[in-house]
Amino acid sequence: METTPAFGGLDCRDCEEYFSAEEATHRCPECGGILDPTYDYEEIALSQADLEARSFDGMWRYEELLPFPEEASVTMEEGTTPLIECPGLAAELGVAEVYIKDEGRNPTGSFKDRGHALAVSAAAQRGTSDVALASAGNAGQAASAYAARAGIDSHVFLPSRSNFVNKAMVNVHGGDMTVVEGRLSDAGAAAEDAISEHDWYSTATFVTPYRHEGKKTMYYEIAEQLDWDVPDAVFYPTGGGVGLIGMYKGAREFERLGLGEGIPRFYAAQSAGCAPVVEAWEEGNDQHDAWETPDTICGGIEVSDPGASPWILEALRESDGGAVATPDEDILDSAIAVAQQEGLEIGATCAAAASGAWKLAADGEFGGEETLVLLNTAAGNKEDDILRSHLMRKGI
Ligand SMILES: *Cc1c(COP(=O)(O)O)cnc(C)c1O
Ligand SMILES: [Zn+2]
């Protein structure tokens, strides 16, 4: 495989065994744990000035901190999304500054592109013929797009409730789509069966070691876009926690490389209709209990059994952050408020982050001087029907 100079291999989060990227492709061969890419940070000489001198043209501007070089990767200039100041929101929340990191500006309209750029790059380097996964929708769309670019076949398992745009675009990219009756866990079971039967290359959440690795670049960009000031808090609409764990890792890396002082508080925001991480956080547990009857309109974060919860909870604890759940009604109201006050289109799922920040602000979590960053993980118009129906229920 073609790898970058400082990239070492993959560390198991559970048994601490270490594997080369050739040896291990997915979960730990010894214990089944999650694998995490590692680097020799002493090898990486990267200053703020070095990064400022590079154009803002996609996530391979952080090539030294990625496992594969740009020339050996499947990329569409994903990343380098804008960080947009929202003064009206800051006033409402009673803090100094609020920014929205708008991941809707990615090639397929969500941050899932960052993870799939790396996961499909790894698959392509191994000469994989087929990738497969189950997804709530956006990851499946990203997988089919990146697979198409790499000339690889894709097999995407979506629950029947997935957004229409996701189903449509999997077809448009030439992906093989299976719509599974039920929820994400049902699609997951169907995908697992098919993957083991056909020996397809999985790009599922925390099955491939590379999705959180791609998403860590969101933090690098936020730090640079704030002129190297570390924000006080980052709010993330949390399902499986891939992006939150990625950003936590990215923040630790920047701190270690001397590219930022300290790390922000990370907050996991969920819907009250499916909040296993928030429940574990509130009970002081090290891992979640599966949520029995997930029921939220926010499909992207309806993950009842997030397998990486110990790592998510560690990130919240170690960063002095927290977890917050709000009802769907409040989440949708937040999406509408942001669209009407700031002009920004944020998805229903993503609005969990805004809604969570709103709730904590009302509960007195902030002192007034903070800079908050909210992740808008996908374009608002991916869930336009949900937002419009919410208005209709209000008679508008
Ligand atoms: C996938 C997704 C999420 C949740 O991502 P995780 O990293 O699994 O927590 C949030 N928002 C949107 C729009 C998504 O597609
Ligand atoms: Zn292991």
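Assuming a viscosity of 1.567 mPa s and a temperature of 4 °C, what translational diffusion coefficient in µm² per second does Stokes-Einstein assign to the stretch 112-202, Rh being the Kirkwood radius over Cα pairs? Write down the numbers at each step before the final one.
Details: Rh = 12.5 Å.
For the chosen part, D equals 103 µm²/s.
Can you give the accessible area per residue of the stretch 112-202, in Å², using a 1.4 Å probe? Working shown, then result.
Numbers: 3480 Å² over 91 residues.
Value returned for the stretch 112-202: 38 Å² of accessible area per residue.
Could you check which residue among D330, D199, D186 shows the biggest mean-square fluctuation in a GNM of the chain with a 10 Å Cα cutoff?
Fluctuation is largest for D199.
Starting from the eigenvalues of the Cα gyration tensor, five times each then square-rooted, give me the equivalent ellipsoid semi-axes of the stretch 256-396, largest first, whole Å. Walk me through the intermediate numbers first.
Details: eigenvalues 132, 79, 36 Å².
Semi-axis lengths for the stretch 256-396 are 26, 20, 13 Å.
May I ask for the distance between the Cα centers of the stretch 33-104 and the stretch 378-392, given as a whole number of Å?
One Cα centre to the other: 28 Å.
Considering the zone a paramagnetic label at S47 would reach in this model (a point 7 Å from Cα along the Cα-to-Cβ line), which residues of the stretch 254-272 have amide N under 18 Å from it?
254-261, by backbone N distance to the label point.
What spacing in nm lies between the two simple spin-label points modelled at K394 and E92, each 7 Å away from Cα in the Cβ direction?
According to this spin-label approximation, the distance is 0.9 nm.
For the pair E85/E255, report the inter-label distance in nm, with labels modelled 7 Å from Cα in the Cβ direction.
For the pair E85/E255, the computed spacing is 2.7 nm.
Could you tally the net charge around G262, taking each other residue with its Cβ under 11 Å from the Cβ of G262, Lys/Arg +1 and Asp/Glu -1?
On the way: positive: R252, R265; negative: D229, D232, E255, E261, D320.
Around G262, the surrounding residues sum to -3.
What net charge do the residues around Y201 carry, taking every other residue with its C-beta under 9 Å from that of Y201, with Lys and Arg at +1 and Asp and Glu at -1?
Details: positive: R126; negative: D130, D199.
Combined, the nearby Lys, Arg, Asp and Glu give -1.
Within 10 Å, at most 15 other Cβ atoms, and a DSSP state outside H, G, I, E, B define an exposed site. Report the longest part of the chain free of exposed trypsin sites (Lys or Arg not before Pro).
On the way: sites that count: R54, R126, K394.
Answer from the scan: 127-393.
How much accessible surface does S160 have with a 1.4 Å probe, in Å² rounded to 10?
40
Between Rg and the Kirkwood Rh of the stretch 1-153, both from Cα atoms, what is the Rg to Rh ratio? Each step should come with its number before you reach the end.
On the way: Rg = 17.8 Å, Rh = 17.5 Å.
My calculation puts Rg/Rh at 1.02.
Go ahead and estimate [θ] at 222 nm for the chain from helices alone: -39,500 (n - 2.57) per DSSP H run with n ≥ 4, summed, over the residue count, rounded to 500. Don't skip to the answer; put the middle values down first.
Working: 14 runs with 145 residues, N = 396.
Computed ellipticity for the chain at 222 nm equals -11000 deg cm²/dmol.
Hey, for a label at A189 modelled as a point 7 Å past Cα toward Cβ, could you say which residues of the stretch 142-170 have their backbone N under 20 Å away?
156-162
Using a Gaussian network model of the chain with C-alpha springs under 10 Å, which one of F164, F254, F111 is most mobile by mean-square fluctuation?
In this elastic network of the chain, the residue with the biggest mean-square fluctuation among F164, F254, F111 is F164.
Among L244, L118, L360, which one moves the most in a GNM of the chain with springs linking Cα atoms closer than 10 Å?
Evaluated over the chain, the most mobile residue of the options is L360.
Apply the Kirkwood formula to the chain: the hydrodynamic radius equals the inverse of the mean of 1/r over all pairs of different alpha-carbon atoms; give it in Å with one decimal.
Working: mean 1/r = 0.0481 Å⁻¹.
After inverting the mean inverse Cα-Cα distance, the result is 20.8 Å.
Calculate, in nm to one decimal, what R126 and S160 gain on full extension: separation in residues at 0.36 nm each, minus their alpha carbon distance.
On the way: separation 34, 0.36 × 34 = 12.24 nm, distance 3.20 nm.
Extra length available between R126 and S160 comes to 9.0 nm.
Among residues other than G115 whose Cβ falls under 10 Å from its Cβ, what is the net charge (Lys/Arg +1, Asp/Glu -1)? It would help to have the intermediate numbers written out before the result.
Details: positive: K112, R114, R211, K215, K216; negative: E78, D113, E213.
Once all neighbours under 10 Å are counted, the net charge is +2.
Give me the percent of the accessible area of the stretch 112-202 that comes from carbon and sulfur atoms, probe 1.4 Å, all protein chains in place.
Numbers: 1590 of 3480 Å².
That share works out to 46 percent.
For the stretch 128-177, report the translational diffusion coefficient in µm²/s to the nearest whole number, using Stokes-Einstein at 37 °C, 0.692 mPa s, and a Kirkwood Rh over Cα pairs. It would help to have the intermediate numbers written out before the result.
Values: Rh = 10.2 Å.
After rounding, the answer is 323 µm²/s.
Quote the convex hull volume per residue of the stretch 325-396, based on C-alpha atoms, as a whole number of Å³.
Values: hull volume 6.6 nm³, N = 72.
Taking the convex hull of the Cα positions in the stretch 325-396, it is 92 Å³ per residue.
Just to be sure I follow the definition: excluding the sites themselves, where is the longest run in the chain that has none of the GluC sites (Glu not before Pro) in a DSSP loop with at most 16 other Cβ atoms within 10 Å? Don't skip to the answer; put the middle values down first.
Numbers: sites that count: E2, E16, E17, E22, E23, E30, E77, E181, E261, E283, E292, E369.
Counting only loop sites that pass the neighbour cut-off, the longest clear stretch is 78-180.
Can you give the relative contact order of the chain as a percent, counting alpha carbon pairs under 8 Å and 6+ residues apart?
17
The values are calculated or read from the model by the stated rules, or taken from the named source; none is laboratory data. None of these values were measured; they are calculated from a predicted model. Counting neighbours? That spans all protein chains shown, and the Cβs are built from the backbone with ideal geometry, glycine included. Protein only, heavy atoms only, side chains kept; ligands, DNA and RNA dropped before computing areas. Shrake-Rupley method; radii C 1.70, N 1.55, O 1.52, S 1.80 Å.
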